[in-house]
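The structure appears right after this line, and notes come after that.
Bear in mind that the values in this text are calculations on the coordinates, not laboratory data. The structure displayed is predicted, hence computed values, not measured ones. Heads up, the Cβs are rebuilt from the backbone with ideal geometry, glycines too, and the neighbour counts pull from every protein chain shown.
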Amino acid sequence: TPYELLYNKKPDVAYFKTFGCLAYVFRTDEQRKDKLTPKSEAMTFVGYKSSIKTYLFMTDDNKLVQSVQCKFDEFYFPR
């Protein structure tokens, strides 16, 4: 790859995820209304935030959310 030619090492691809897969995005304490509110929300992975290692997700009501704290299910595609 061009990256290997420039830096003489293989690129780190552990950060890459499957487009459109299910992801459980963790909510902060400020986003949770009370202790009975779930700690995560199921969303669809749609891409990456440029220049930083942040993921972009789409909620059920088609809003974009960015987060780093998430778990992916790369074998399930909700939409």
What percent does the relative contact order of the range 24-79 come to when contacts are Cα pairs within less than 8 Å and at least six residues apart? 30
Collect residues whose amide H, placed 1.01 Å from N in the peptide plane, falls under 5 Å from the amide H of Tyr48; neighbours closer than 5 in sequence don't count. Leu56
Candidates per chymotrypsin sites (Phe, Trp or Tyr not before Pro) in the range 1-67, loop by DSSP, up to 16 other Cβ within 10 Å: Tyr15, Phe16, Phe19
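Please identify every one of the trypsin sites (Lys or Arg not before Pro) in the range 1-75 that sits in a loop by DSSP and has no more than 14 other beta carbons within 10 Å of its own beta carbon. The partial results should precede the final answer.
Details: sites: Lys9, Lys17, Arg27, Arg32, Lys33, Lys35, Lys39, Lys49, Lys53, Lys63, Lys71; in loops: Lys9, Lys17, Arg27, Arg32, Lys33, Lys35, Lys39, Lys53, Lys63.
Passing both the DSSP loop test and the Cβ count: Lys9, Arg32, Lys33, Lys35, Lys39, Lys53, Lys63.
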Stretched fully, the stretch from Leu6 through Phe77 gains (0.36 nm per residue minus C-alpha distance, one decimal, in nm) 22.0 nm
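Suppose only helical runs count, i.e. DSSP H with n ≥ 4. What mean residue ellipticity at 222 nm does that imply for the chain under -39500 (n - 2.57) per run, divided by all residues and rounded to the nearest 500 deg cm²/dmol? Intermediate values should be presented prior to the final figure.
Details: 1 runs with 6 residues, N = 79.
Dividing the helical sum by the residues of the chain leaves -1500 deg cm²/dmol.
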